[in-house]
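The values are calculated or read from the model by the stated rules, or taken from the named source; none is laboratory data. Model, not experiment: these values are computed from the prediction. Note that each Cβ is placed from the backbone with ideal geometry, even for glycine, and that neighbours are counted across all protein chains shown.
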């Protein structure tokens, strides 16, 4: 019975970490390039939490918390990962890099603006 309780606890912890990594991945995705990787780790931990929760439930322990947290972390991680993939493919970061390089030069910023519009 102790093994089932430890699996239940581990699934809950992995589900919580999965959800936290996905949320942090969303926040990091707005400001840096690491959001997709954090979402990927959140997806992996969400899957592990779901599997551990299902295994604990099969052995008689009620582990709905780990299952719910794992599903939320998995779904949110997929949403964040797809969003980061879209930003990377659309060239969002290359535009940010170009603007950061021309930040001190007003003429270069005006040239960039004129190229866009």
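Yes/no matrix, rows are residues, columns are (1) farther than 22 Å from residue 81 by Cβ; (2) without any contact (Cβ under 8 Å) to a residue 60 or more places away in the chain; (3) touching a helix residue (DSSP H, G or I) at 6+ places or on another chain (Cβ under 7 Å); (4) surrounded by fewer than 23 Cβ atoms within 10 Å (Cβ to Cβ):
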| residue | (1), (2), (3), (4) |
| --- | --- |
| 5 | yes, yes, no, yes |
| 39 | no, yes, yes, no |
| 43 | no, yes, yes, yes |
| 47 | no, yes, yes, yes |
| 60 | yes, yes, yes, yes |
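If you check 40, 85, 52, which single one turns out to be part of a helix (DSSP H, G or I), under 30 Å from residue 116 (Cα atoms) and modelled with pLDDT under 90?
85
Just wondering, is there one or more residues in the range 13-21 that are within 26 Å of residue 97 (Cβ to Cβ) and either touching a helix residue (DSSP H, G or I) at 6+ places or on another chain (Cβ under 6 Å) or in a helix (DSSP H, G or I) (or both)?
Yes, some residue in the range 13-21 is within 26 Å of residue 97 (Cβ to Cβ) and either touching a helix residue (DSSP H, G or I) at 6+ places or on another chain (Cβ under 6 Å) or in a helix (DSSP H, G or I) (or both).
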